[in-house]
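I have placed the structure first, in the form of C-alpha cells, so that the comments after it can refer back to it.
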C-alpha cells in the first residue's frame, strides 16, 4: 500500500511539474533560458528518496514529458530514469563527505544532461563553443542554482519539523 501511495504522489508531482513547465516557466526565463523543472524534480526526488525511487520518478516524469513534447518518444523516459539512478547512487556514496557534494552532483548531472541534448539534436549544426557559452552552461548553472535552493529549503524545513518534535515521515 505504501508503494502505491508513493507512486500516486509521484504522479501528482509529475503532473504539477509538467503543467508549470509547459505553461508558466517562460515567466522565469533569464536571457531566454528557462529552468528545466523536470530535471530539477528528478534530481531532488532521487537525491532525497534514493536511487530506486529516483528511477521510478524519473521514468514517470520522463514518460509524461515525452507525451507532451516533440522529442522522440522514450528519450526523456530513459534520460530521467538514468538521472534518477545516478543521483540516488551519488547520494548513497558521497552524501556524508561534504555539504558541497550536492552542488557537484547537481551541477555535473545538469551539464551532462545539457550536453547530451546538444549531441542528440544539434551536433554538427551549431558551433559547440557558441552553444556552450550561450545556452548549455547558463542552463546548467540555472538548474543547479534552482535545485540547490529548493534542496536546502527542504533540508531547513526538515530540520525545523524535526526540532519541534513533529513526525515528518
Is there any pair with a first residue in region 1-22 that is without any contact (Cβ under 8 Å) to a residue 60 or more places away in the chain and a second that is surrounded by fewer than 14 Cβ atoms within 10 Å (Cβ to Cβ) whose Cβ atoms are under 7 Å apart and which are 6 or more apart or on different chains, and what are they?
18/68; 22/68
Of all residues being more than 21 Å from residue 141 (Cα to Cα) and crowded, with 19+ Cβ neighbours inside 10 Å in region 3-17, which is nearest to the chain's Cα centre (by Cα)? Just the residue, please.
14
Filtering region 34-58 for residues that are buried (at least 20 other Cβ atoms within 10 Å of the Cβ) and either assigned to a helix (DSSP H, G or I) or on the phi > 0 side of the Ramachandran plot (or both) leaves a count of 15
Which numbered condition residue 143 misses (of (1) touching a helix residue (DSSP H, G or I) at 6+ places or on another chain (Cβ under 7 Å); (2) without any contact (Cβ under 8 Å) to a residue 60 or more places away in the chain; (3) assigned to a helix (DSSP H, G or I))
(2)
How many residues are part of a helix (DSSP H, G or I) and surrounded by fewer than 16 Cβ atoms within 10 Å (Cβ to Cβ) if we restrict to region 116-135?
9
Of (1) assigned to a loop (DSSP other than H, G, I, E, B); (2) touching a residue at least 12 places away in the same chain (Cβ under 8 Å), residue 70 satisfies every one except (2)
If only one of 77, 71 is under 30 Å from residue 134 (Cβ atoms) and at pLDDT 85 or above, which one is it?
77
Test each condition in (1) touching a helix residue (DSSP H, G or I) at 6+ places or on another chain (Cβ under 7 Å); (2) at pLDDT 75 or above; (3) surrounded by fewer than 18 Cβ atoms within 10 Å (Cβ to Cβ); (4) over 12 Å from residue 39 (Cα atoms) for residue 88 and report the one that comes out false.
(3)
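The values are calculated or read from the model by the stated rules, or taken from the named source; none is laboratory data. What you see is a predicted model, and the numbers here were worked out from it, not measured in a lab. Don't worry about glycine lacking a Cβ; one is built from the backbone with ideal geometry, like all the others, and counts go over all protein chains shown.
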